Each structure stands twice: as C-alpha cells, then as structure tokens.
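What follows is a set of notes on a single structure, which appears directly below.
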Amino acid sequence: LAAAGTPLAISSMCTVFAESEVISHIGAGEKREDIAAGVVDSVVSKVAGLCARHTLKGDVLLTGGLCDSAYLVDRLSHKLKQPVLTHPLGRYAGALGAALIARGRAAG
C-alpha cells in the first residue's frame, strides 16, 4: 500500500502523537496509500537518525518483523545511502537469540 503512495508528513517522535497525526490525515480524507507511505517514511527517518549516531562499517542488516517489507528495506537503504540486507529468518532473530541464551543457561 505504501509503495503506491506519496509520503505525508508524520513528524511526532512519540507513537501516541504520531497516531493522532495519522487520525488527522484520515479525517482530512487523505489517501490511504499516502498515509501508509508517511508512516513508513517516519519509521525509516527515525531508524536512520539512530544509525547516524554510530559509524556504520560494513554491511547493514535489518532484523525483526519489518525486515519482511521490501518497501521499507528499500526506503531505509535509500535513506542510509547504502544497501540494507535482510534474511528470510530475520524476523525471528530476537527469538532465536533468546533461545540460544536460554539453552546456554540450561546447559551451564
């Protein structure tokens, strides 16, 4: 849906206020595609801002549920000015890491 839209501004850092901005866009009759593109753009901008606090050396790998979104990965790659990689099991990285830690504690 977002890939078909033109991003609308969603500037709030706070999720609650960002939700209010989305509701305002809906109330103003904005297109769903544009709202969705605005949400993705807002998330990507925040992630890129966090990345800017660090020197990115080598590959950038996105994990978690959003790594399945080709549009989000493309927009983040564009914002970071370098490719963002994913993995088919990337959405499970946190759960797999927790399982490995738990297994290590149980074996110890």
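The values are calculated or read from the model by the stated rules, or taken from the named source; none is laboratory data. Please read these numbers as outputs of a predicted model, since none were measured by experiment. Here the Cβ positions follow ideal geometry from the backbone for every residue, glycine too, while neighbour counts run over all protein chains shown. Each accessible area value is taken on the protein alone, full model and side chains, heavy atoms only, with ligands, DNA and RNA left out. Shrake-Rupley method; radii C 1.70, N 1.55, O 1.52, S 1.80 Å.
At a glance:
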{"read-out": "Estimated dipole of the stretch 1-44 in Debye, rounded to 20 [Cβ of Lys and Arg +1, of Asp and Glu -1, Cα centre]", "value": "60"}
{"read-out": "Residue-averaged [θ]222 nm for the chain, counting only DSSP H segments that reach four residues, each worth -39500 (n - 2.57)", "value": "-18000 deg cm²/dmol"}
{"read-out": "5 angstrom amide H check on V60, placed H, neighbours 5+ away", "value": "L85"}
{"read-out": "Charge dipole magnitude, Cβ of K and R +1, D and E -1 - the chain, Cα centre, debye nearest 20", "value": "560"}
{"read-out": "Estimated vicinal HN-Hα couplings, Hz - the stretch 2-15 in sequence order (Karplus 6.51, -1.76, 1.60; Gly, Pro = x)", "value": "5, 4, 8, x, 10, x, 8, 6, 9, 9, 5, 7, 7, 4"}
{"read-out": "Rounded to whole Å, sorted largest first: equivalent-ellipsoid semi-axes of the chain, Cα gyration tensor", "value": "31, 17, 14"}
{"read-out": "0 to 90° range, to nearest 10: angle between helix 70-80 axis and the chain longest Cα axis", "value": "90"}
{"read-out": "Average accessible area per residue (Å²) across the chain - probe 1.4 Å, nucleic acids and ligands excluded", "value": "69"}
{"read-out": "Heavy-atom accessible surface of the stretch 2-108: percent carbon and sulfur, 1.4 Å", "value": "61"}
{"read-out": "Top positive-direction residue, dipole computed over the chain with Cβ charges, set V44, V60, L100", "value": "L100"}
